[in-house]
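The values are calculated or read from the model by the stated rules, or taken from the named source; none is laboratory data. This is a predicted model, so every value here is computed, not measured. Cβ coordinates were reconstructed from backbone atoms using ideal geometry, including for glycine residues, and neighbour counts include every protein chain displayed.
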Amino acid sequence: MTRLYPAAIVFFSVFLIGGLGYRAIGGEQWSYADCFYMTIVTLSTVGYAETLPNMNEVPGARIWTVGLILLGSGTLLYFASTLTALIVEGDLRGVLNRNKMTRLLDKIADHTIVCGVGSTGSNIVLELHHTHRAFVVVDVNEERIARMEAEIGPFLYVVGDAADDHVLEEAGIQRAAGLVAALSEDRDNLFVTITARALNDRLRIVARTIEPESERKVRRAGADSTVSPNQIGGMRMASEIVRPKTVKFLDEMLRDKSATRRIEEFAIPVGSPLVGRTLSQANLRRYADSLVLAIRLKDGSHLYNPPGEFRISSGQTLIAMVLSADFDALKRHIDG
């Protein structure tokens, strides 16, 4: 659009000057409508006859016309070629798509903002996509976003610096449920964490860290949790040696695109129909193909492999392996 604006201004300026010039030369015998009509006929080089009456008798009228033809017709060509390039090169479609995305970004809520789609962020996006979670990507590199779109299809994104207030606001941070700072540098993730926490104090923030000393700083800045790819990579390699079958089992759930099950968590809210019932009475299998692996208690401890007589209360969190297709149905049942 910045290419189109100068061309439009030049063309309409010449059009206005041409019409007013005819009016000044001919006076009241020529109406403004006729003057501007004669101007557009001249600039377009269509070749109609002189539309202004007695034009050959008015001194300077034809000289003014010659000037318009020589100097003004090029402005129309400039404007038309710029507009054509805007359409042919796809810029116009890009503007319309961006406006559509802005409207969708204004409506999205309870989503996750993924800052950075590099080696770490791209895998986060894949998991959110495969589990049908709402998300918005923020990255300064439009090429990385395009590669991600080529892999999973269109999604919501904002091109810009994730540490910029306006960029995060455009991504809907006030309505977001969580944010992942997955940039390549620890200091960048630190700045993103500080900015995000200042904009939304209810947001759950997970930040990527490389250096061990960065973890403490990022947590002090407002991150709820930190993840070190180096540490997790080391644990994974050790697990491949000592428990390969277990690793394969978890991979089928967490990495295989065709996997149909995930380990999910379900918070028990106040007013849930499960409050006061035992696990046996809750009969979760009636609503979903699920298996309760553990329960996070109010004090933060975990009860693993809970018995059927365990009584559920609000504030607890069920950790269950559930069929992906049944996730929404089970969540609706738990929330009531």
Residue ranges of helices (runs of 4 or more DSSP H) in the stretch 104-174 with at least 1 members under 27 Å from Leu323 (Cα atoms) and acidic (Asp, Glu): 121-130, 142-152
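Listed here are the residues, each with its yes/no results for (1) buried (at least 17 other Cβ atoms within 10 Å of the Cβ); (2) in a strand (DSSP E or B).
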residue	(1), (2)
Leu291	no, yes
Ile295	yes, yes
Gly300	no, no
Pro306	yes, no
Gly315	no, no
Leu318	yes, yes
Val322	yes, yes
Asp328	no, no
Lys331	no, no
Condition met for Val270 (in contact with a Ser or Thr (Cβ under 6 Å, 6 or more places away or on another chain) and not assigned by TED's automatic domain parsing to the domain that holds Ala177): yes
Failed item, numbered, when Thr246 is tested on (1) in a loop (DSSP other than H, G, I, E, B); (2) surrounded by 11 or more Cβ atoms within 10 Å (Cβ to Cβ): (1)
Single residue of the stretch 97-115 satisfying the filter (touching a residue at least 12 places away in the same chain (Cβ under 8 Å), farther than 19 Å from Asn200 by Cα and not polar (S, T, N, Q)) that is surrounded by the fewest Cβ atoms within 10 Å (Cβ to Cβ): Leu104
Meets criteria (among the acidic types (Asp, Glu), touching a residue at least 24 places away in the same chain (Cβ under 8 Å) and more than 16 Å from Phe135 (Cβ to Cβ)) for Asp188: yes
Checking Glu240 against (1) at pLDDT 90 or above; (2) over 25 Å from Glu127 (Cα atoms), the condition it does not meet: (2)
